[in-house]
Amino acid sequence: MRHTSVNRSGSLSPEASRIDEIVAQIGRLLRHRAYQRDKVVSPLLLRHLPHDSGYAWQGEEALRQRLERAGLDARALDHLALNARTEFARMQERTRA
């Protein structure tokens, strides 16, 4: 069961929404055919990346819970999002080369 923070208007809190975005980005990263954990540059991203990966990866809920429990501030969440996008772009470049 997924627990999320909801504000008075009934929408997701900014942190929960940001975590959902990061989980989706990391999911794309882990499912990419060129993904190699040992090529990831960001120590913070590495700390939060699951060890399993591949096209059939289905660990979104576990990752979401881990990120929520980590209690990351807005700056760390921004860093994770940026680095997940950057790593995905690097993988795209490696597949084109």
Tally the residues that are free of Cβ contacts under 8 Å to residues at least 40 places away in the same chain and under 13 Å from the mean Cα position of the chain (by Cα), restricting the search to the range 23-50.
10
In the range 50-80, which residues are crowded, with 18+ Cβ neighbours inside 10 Å and either in contact with a strand residue (DSSP E or B) (Cβ under 8 Å, 6 or more places away or on another chain) or in a helix (DSSP H, G or I) (or both)?
Leu63, Arg64, Leu67, Leu77, Leu80
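Have a look at Arg85, Arg47, Arg90 and point out the one that is loosely packed, with under 11 Cβ neighbours inside 10 Å and of a type in the set (D, E, K, R). Lay out the reasoning, then the answer.
On the way: Arg85 fails: loosely packed, with under 11 Cβ neighbours inside 10 Å; Arg90 fails: loosely packed, with under 11 Cβ neighbours inside 10 Å.
Among Arg85, Arg47, Arg90, only Arg47 is loosely packed, with under 11 Cβ neighbours inside 10 Å and of a type in the set (D, E, K, R).
Read-outs: derived from the displayed coordinates by stated rules, not from any lab. The structure presented is a predicted model; accordingly, all values stated were derived computationally and were not measured. Quick reminder, even Gly has a Cβ in these numbers, built from the backbone with ideal geometry, and neighbours come from all protein chains shown.
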